[in-house]
């Protein structure tokens with residue numbers, strides 16, 4: 001298994017932001033982990049061209065279930081692939097909350113991503129109210145069962161656990177809480193997919209930063225991170241890459 005440091009730029013970035021990408025690949029020309037940045041769709045092709053030949057992959061932040069058609073404002077998985085993407089983030093809590101995305105829709109998007117040759121990063125996570133109610137494992141278990149298609153493999157699927165209450169807040173679960181959820185997810189994947197589950201990467205996301213990355217990566221069954229704000233700056237994301245590569 002090659003661990004993965006994935007950056008989600010969300011609705012941020014401009015062509016000027018590629019200077020940070022230049023710094024990143026210069027400082028980390030051959031990391032021991034896989035590096036990935038997922039910029040807005042407007043920057044995917046430009047970023048992919050910018051880093052051609054470098055040890056950095058590019059991904060999208062969402063895709064439609066259809067390969068083409070009358071879907072104004074949407075983008076298909078094949079379009080992402082044509083632009084140079086290798087991955088796509090699906091089911092992020094902001095998509096689920098802002099656009100009402102269901103587990104069934106996320107599952108269909110994952111299948112569309114696979115058809116286009118993309119690796120799907122499927123996001124799961126509980127709200128603060130669900131955490132306080134003690135239903136975290138039930139919530140993420142239901143999301144895992146509903147969002148991950150039956151054809152999932154270590155090659156086409158990455159699972160990202162992102163507690164909603166920790167995203168962009170500066171708060172993180174305790175290391176024991178992270179370990180509990182990641183261990184639960186690994187066991188659930190093993191029950192469903194057998195030996196394949198041991199090679200499926202489980203990322204943690206939710207206020208990952210240089211100051212806490214190393215201790216999070218030391219938690220069992222944490223195979224990398226899905227990083228938000230800290231991925232916008234080469235120095236911050238590079239420090240996270242270095243921690244994962246240690």
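Read-outs throughout are calculated quantities, based only on the coordinates presented, and are distinct from any laboratory measurement. Keep in mind that this is a model prediction, so the values were computed, not measured. So basically every Cβ, Gly included, is an ideal-geometry build from the backbone, and we count neighbours across all protein chains shown.
Data table
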{"read-out": "Paramagnetic label zone (point 7 Å from Cα along Cα-to-C-beta, residue 30; backbone N under 12 Å) in the range 43-58", "value": "55"}
{"read-out": "Burial order of peptide ranges 164-177, 89-102 (average beta-carbon count within 10 Å, highest first)", "value": "89-102, 164-177"}
{"read-out": "Separation between Cα centres of the range 108-126 and the range 182-219, rounded to whole Å", "value": "17 Å"}
{"read-out": "Euclidean distance between Cα centres, the range 78-102 to the range 147-171, Å", "value": "12 Å"}
{"read-out": "Mean separation of Cα contacts under 8 Å, 6 or more apart, over the residue count of the chain: relative contact order %", "value": "22 percent"}
{"read-out": "Pairwise label distance in nanometres, residue 195 with residue 11, each label 7 Å out on the Cα-Cβ vector", "value": "4.7 nm"}
{"read-out": "Evaluated at q = 0.07, 0.17 Å⁻¹: base-10 log I(q)/I(0), Debye formula over Cα of the chain", "value": "-0.20, -1.33"}
{"read-out": "Translational diffusion of the range 101-246, µm² s⁻¹ [Kirkwood Rh, Cα pairs; Stokes-Einstein; 10 °C; 1.306 mPa s]", "value": "102 µm²/s"}
{"read-out": "Within a Gaussian network of the chain (alpha carbon springs, distance under 10 Å), most fluctuating of 233, 109, 57", "value": "233"}
{"read-out": "Descending semi-axes in Å of the range 1-90, equivalent ellipsoid built from Cα gyration tensor", "value": "24, 14, 11"}
{"read-out": "Estimated 222 nm signal from helices in the chain, with DSSP H stretches of n ≥ 4 weighted -39500 (n - 2.57), rounded to 500", "value": "-12500 deg cm²/dmol"}
